1. Would you mind checking the pairs Lys89/Lys113; Lys141/Lys245; Lys113/Lys147; Lys53/Lys113; Lys147/Lys187 and listing those with alpha carbons more than 24 angstrom apart?
2. Using a 1.4 Å probe on the protein heavy atoms, what percent of the accessible area of the chain belongs to carbon and sulfur?
3. So how far apart, in nm, are the two label points at Val24 and Leu42 if each is 7 Å from Cα heading toward Cβ?
4. Over the chain, what is the mean sequence separation of C-alpha contacts under 8 Å (at least six apart), divided by residue count, expressed as relative contact order in percent?
5. Any idea how far apart Lys104 and Asp144 come out in nm if each label point goes 7 Å out from Cα toward Cβ?
6. Once you charge only the Cβ atoms, +1 for Lys and Arg and -1 for Asp and Glu, what is the size of the charge dipole of segment 1-42 about its Cα centre, to the nearest 20 debye?
7. To the nearest 20 debye, what is the magnitude of the charge dipole of the chain about its Cα centre, counting +1 on the Cβ of each Lys and Arg and -1 on the Cβ of each Asp and Glu?
8. Once each part is reduced to its C-alpha centroid, what is the distance from segment 108-136 to segment 31-76 in angstrom?
Amino acid sequence: MEIFDSHTHINGPEFKDDLFDVIVRAKALDVTSMLLVSYDRLSTEQMLALITKYPTLYGALGCHPESASSYDQEFERFLRQTLAHPKVKALGEVGLDYHCEVSKKLQRQVFEKQIALAHELNLPLVIHDRDAIADCYAILKGADIQKIGGIMHSFNGDATWAERFLELGMELSFSGVVTFGNAKEVKEAALVTPLEHLLVETDAPYLTPQPFRGMINEPAMTRYTLEFLAKQRELAPTKLAQITKQNAERVLKIND
């Protein structure tokens with residue numbers, strides 16, 4: 001079995017002293033591929049070092065909505081330079097986060113700029129949405145997003161929102177949240193998502209799945225989210241691993 005963790009931050013400071021073991025533990029639980037999502041210069045340097053060293057690790061970079069105030073010409077030059085790397089496969093994570101204190105108007109402006117850049121570079125987007133699902137949907141709907149596609153990272157909407165984003169041509173990625181006892185709507189969204197548009201992720205070090213909540217999350221734990229979803233969908237975990245890996249490789253254009 002080979003599992004693709006479609007969103008992880010092992011290139012962040014939380015893993016700097018344990019990185020080799022994190023990758024070994026992931027492989028021991030059949031998590032063989034990962035998309036490393038970076039968000040600043042330090043995490044980008046680590047991401048580039050890792051994707052250069054490991055053949056099945058890939059990268060993404062974007063301006064997170066919490067950092068929208070730091071998006072300027074210098075950052076965009078850095079973004080363009082990084083996205084030119086052949087193993088950097090997506091622009092993200094980008095989007096809206098109305099839980100944070102950054103101006104909503106500024107977040108929307110920076111989101112739209114990065115969508116335009118993704119179109120220019122013909123790269124898929126990795127979308128962050130927190131407490132902003134209606135605005136996030138409206139912006140994507142108005143941006144001809146089908147042409148480039150992308151991933152709704154750690155999808156947290158209900159079944160109705162899932163169907164709306166699927167109609168836009170987006171892939172839905174489910175994190176450990178789907179295993180939480182109080183995540184009824186997210187479970188329903190995962191059940192209505194066609195298998196050909198379903199991905200799995202950790203968002204490590206965050207969103208640790210059951211039964212490990214309270215511990216730091218890491219890519220190995222994608223296994224438990226995958227097994228949970230396989231049981232919900234009445235599929236063998238090996239089959240769902242194959243499907244979700246193929247989906248991740250398709251949207252990220254890994255074998256093109």
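The values are calculated or read from the model by the stated rules, or taken from the named source; none is laboratory data. From a predicted model like this one, the values you see are computed outputs, not experimental measurements. Glycine also receives a Cβ, built like all others from the backbone with ideal geometry; neighbour counts cover every protein chain displayed. Side chains are part of the model used for accessible areas, which takes the heavy atoms of the whole protein and leaves out ligands, DNA and RNA. Shrake-Rupley method; radii C 1.70, N 1.55, O 1.52, S 1.80 Å.
1. Working: Lys89/Lys113 18 Å; Lys141/Lys245 26 Å; Lys113/Lys147 16 Å; Lys53/Lys113 31 Å; Lys147/Lys187 28 Å.
Going by Cα-Cα distance, Lys141/Lys245; Lys53/Lys113; Lys147/Lys187 fall outside the 24 Å limit.
2. Values: 5690 of 11270 Å².
Of all accessible area on the chain, carbon and sulfur atoms account for 50 percent.
3. Here the modelled spin labels are 2.6 nm apart.
4. Details: 503 pairs, mean separation 53.9, N = 256.
Result for the chain is 21 percent.
5. The answer from the label model is 2.8 nm.
6. Numbers: 4 positive and 8 negative charges, 20 e Å.
It comes to approximately 100 debye.
7. Working: 27 positive and 36 negative charges, 80 e Å.
Approximately 380 debye in magnitude.
8. 16 Å
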